[in-house]
Each structure stands twice: as C-alpha cells, then as structure tokens.
1. Would you order A:224, B:100, A:210, B:275 from fewest to most other beta-carbon atoms within 10 Å of each residue's own beta-carbon?
2. For peptide B:158-168, compute the average count of partner chain beta-carbon atoms within 10 Å of each residue's beta-carbon.
3. If packing is taken as the average count of other Cβ atoms within 10 Å, what order do A:187-193, B:166-172, A:26-32 fall into, highest mean first?
4. Once you've got the GNM for chain A with C-alpha springs shorter than 10 Å, pick whichever of A:288, A:144, A:245 has the biggest mean-square fluctuation.
5. Could you give the radius of gyration (one decimal) and Dmax (whole number) of the Cα atoms in the stretch B:1-101, in Å?
6. 7 Å from Cα along Cα→Cβ at both residue B:173 and residue B:98: what's the point-to-point distance in nm?
7. Apply 1/(1 + (r/R0)^6) to the Cβ-Cβ distance of residue A:51 and residue A:333, taking R0 = 30 Å, and write down the FRET efficiency to the nearest 0.05.
8. Using the 10 angstrom Cβ neighbour count as an exposure proxy, how do A:251, B:54 rank, fewest first?
C-alpha cells in the first residue's frame, strides 16, 4: 500500500476511480425515482438518497464489471438497481424497527408516515426491477430475484428470533446472509455476469461480496457496543435497546452461562432495561471476550473476501476492493 | 346465454373450465410460499391465501393464455406470479389502511404485526419475481415490472390525495388504473404474450383487463355506499370512514356545489364524522344522481371490456370473460 493509498480510504479511492460511472448512476437514479403522478415518491426518495451514504453497493457492481474490462452500458443500470433495492429495504426497515434517525437525519416514516415509507419502498423495488429487465440478461434477473427473496427472508427471520436469547450463531449467520450479505454478493456477482466472465470468476465475485457483507455486518454489530474497546460513543446501544440478538450478545450469552442468564433474560427477553444495563452488558462482553471474538470472526470473513479476489485478474480496482475488506475491519482494530 | 350459464356465476364457470390449471397454480403457490428459514412467512401467507378470495386474477391469466391455445407450462407460473403480487399488495394495503378485517377474517397486521405484513409482502414480491424469471420471457418481465411500478405509484397517489375534496375524476382514474386495473391488465396481457399472440390480440387482452379492472373498482366504490339503491348493508361505509375520494363522493361533491361543501369539508377534509353522517352522504349521493352516474360509468367500462374481446378468437373462455364483465356490473344493477 503506497503512502498515497494510505492517505485516503478505500471507498474514497473507489469513488474516485469510478467517478464517471458513478455520475451516470446518480443521473439514472435521479431520473428513475421521478414519478409524474405521485410527487410524494421523489420527495421521500430524495430525502434518503441525498442524505448520502457511501454508495458502497453500486460501487461494488461497477468495480466488479470494470475490473473484468466491461465497458458498459448495463453496469450502470445494475448499480442503480442495487442502490434502489438498498434504498427500498432501508425505507421498510425503518418502519419495521420504528426508527427515527437514519444517516443523521429524521427517517422518512417520521417526516411523512409509515404508509409513505411502505409504498415508496414498493415503488423503488418495482423501479429496480424495471432497470434490471432493461439489461436483457435473464441470469442477472435470476440472481437479483433470488437476492431479493433472501433479503426479505433474512429480515423476517430476524423479526421472529428477536428477543430470543437461545438464538444460535448459525441462525445469526442466516439472518446476516439475508439482511446484509445477499445484496453485497448479488452486487458483485452481477458485475461479473454482465461482463460475460467465466464461472470461476463469477463465483469468486459472489464469494467476495458474501464474505465482505458478513464481515461488514459483524463490525456494525460490534460498533453498536462501542467496538473492541467497549467505549461508549454516540449512537452506541441501539441494538441493546432494540434487544437484537447480534453476534456480541450471542457470544456473551454463551460464554456467561447460568451466572449471567438472569441479566440477559431481564434485559433482552423481557426488555426490562434500567440505567447502567448497557454499561454492564458491554463490560460483560469485554470480560468474556465476546467483543474480541466477534472482531476475530469479522477479520476471518474479511480474509475470505480478499482470498476470493485472487481468482480475479490484476487490476487497480481489484486492489481497492481488497483494501476495502481490510478497511471494513480496520474500523474496529 | 344458455339457461345452464345463467345458473352459475361467470367466475364459477371459469373456475370449472380452468380447474386442472388452477390446481397446478395452487400447488405452485403452496410450494413457493414456503420458507425453510422463516416459518412466519408461510403462516402469514397461508392466513391470507387460505381465506379464499375468488382467485380472479390468476384465472384471467389462465383464461387469456388458454383461449389462445397455449398449453403450458408457463401460464401456471404467471398465474401464480399475479396472485403473489396481489397477495403482497393486500398485506401492504392493510398496513397502510390500518385495516383489521380482510375476507371476513382478522388481518395479518392484527394477528401478527405490521412488521410481519411489510416483510412477508416483500418476500412475496420477490417470489413473484422469481416465478416470472422462470418463464424466460423478457417481454413478460417488462410488462409485470411496469405493472408493479404502476400499482405502487397508484397507491402513493391515493395516499397523497386522501381527504382532498378537490380530487378530480381524472386523478381518481389514475389511482384506479394503478391500484386495481394495472394488475388486471397485466394478468390478461401476459397470458397472450406467453401464448405468442400477434400484437392486436395482445393489445385487446390488455384493454379487456384494463377496462374490467376500472369497472370492478367503480362497482366496489359503489357497493361501499350500498350500491345504487343506497341501502345500508353490512360493511358499508368503510370508504366514508377512511375519507376516501371514491367516485361516488367525487361526483356528489361536484354536483352538490357550494350548498353541500360544508358537509364534505367537515366529514371528509376534517374527518369530523357524527352519527347520521353516512346516511346523509348516501342520501346526497342518491339525490344528486352520483350513485347512478357511477354505475353508468362502470357499465361503460364493462362494455369496453367486452368490445375488446371481439379481437379474440371464438372460444368458450372468451364468452366466459365477456359474461364476467357483465357480472361485475350486475352486482349493482
């Protein structure tokens, strides 16, 4: 990694390398989120889209296609597709989680209402579907249809195991593969497919996206408990308050055994949380090695992601994707 | 129409003529609503699917394909697709409308929660999408992607014009074409497309579905105010309580002018409804001819639907679809 590389974050370097394509993606998103008949649709969508976010998923699609020497035009459609699916799931997630903050702004369900978030989400799903049909690739459609089903299934599974302290790491992984990794892996896989790559490379791109997505979610879970240091920063504790069975909690419950069970039953199963409970949860996680074990697992998945890239041709974008996997876990190292 | 025909309703005759295909559709629906990972999904779906409903939309697809001499297998996939889209929109509609009854049973959002309805609806959308990809027809995918966007757009438009007594009949038609007619017309159109029909017939099938859907919704609006007689039966008045700008209301507001405006402003705009207001609304609609004018418009669309069928080959299914259009409006004659 050169000094120049070290100076900027991998997603910023990806954004710079993919700038013309990302401009095209943003233009396409803006034109397709319009609705002649229902102005509420672009209002709600713009609220979320303009708030930024790193546009990680569309960049994954563009990078995957471009490092396979694809020169368009459909990687742009697919990148916009992936961002629309992501935006639709965020709108629905905020309704499901009754969230009031997203990307540092009030959520759409708070500014408008749950109805608008549900229906505009549906509209964006349909729009994403139109965009992918335009590519004319049935294989791409198959991948994205399967990913959409897996995402929804993961979200339902998460809902049904919520507050259940008997949740296993196996179930956790199913949830994460659904709610997060399915779209990451579809994003990279369709990039390879649209570029007409051989099966081994398509598979490698899928595996990169899958492992990156799992790693990304584990780090996210960890940050919600203050990272490996267990330091309480801002926005820490949402998962605890929502009684989510994220990986640090599952590991702490397993390691704590009968001694800590009453604490987890009271705070997670019964939702009876008092001042100091979050601090105690974090202290338990730190003491029992649950935070460190979660970090180690995230690192393992990041390594898997980097390994998968070895099947791909040498390319500066490949190196950036590899650095991106390191960067994801560097947030908690 | 023979005596035998007169003895049964057209949708019952369609169900009898399409029995083997409908069995295949029901089997496919049952297998595709399964989820290995999230049992909540088939529970919620079965609650709605098993409650019945006439399966009108999948029958439209099967009838359209079969009268064009298509003998399978993809009309079955498309019929299941259409029913999944319909079921998904019902789940989301009940969340949006905060409904507690559907098909004579408590709604899924009441039995489980809004979260499950939103996410299971998303899952069924994704499943519908997988089913249509299996047909391998990009044209079919294009039609159903467009219909999905139009449905969501119509629902958002309905939401944004709710309680607005300045809503025009033109806007009403846009809402209806979205929330109801788009799926009817897609259902019949894809039947012709999968059967490889010439453009004129595909267009005719689209027009039949579109006009039938509009007629169907107008009759539905009318029944919610007791039909043309204005008699109060059970389930009457939901639209009034929800302050929906349905066609009888729009026509009554236009015909009543300044004299009745305070009544509509109080009950619809402000939602200040008292005992006797529904009766008064119905009496106004009857006196001003709004109920009869709505019925007349529904009849006009039913006639359009029947006219469109003239472009199709002679077939007993064609005659049943024609009778179906008559039957839709006969409910209020």
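Here, each number is a calculation from the coordinates, and none is a lab measurement. These numbers come from a predicted model, not from an experiment. All Cβ positions, glycine included, derive from the backbone under ideal geometry; neighbour counts span all protein chains shown.
1. Working: A:224 20, B:100 12, A:210 23, B:275 6.
Sorted ascending by nearby Cβ count, the order is B:275, B:100, A:224, A:210.
2. Shielding by partners across B:158-168 averages 2.
3. Answer by packing, highest mean first, reads A:187-193, A:26-32, B:166-172.
4. A:288
5. Rg and Dmax of the stretch B:1-101, Cα atoms, are 15.4, 52 Å.
6. 3.3 nm
7. Numbers: r = 28 Å, r/R0 = 0.92.
For residue A:51 and residue A:333, the calculated efficiency is 0.60.
8. Ascending Cβ contact count within 10 Å gives the list B:54, A:251.
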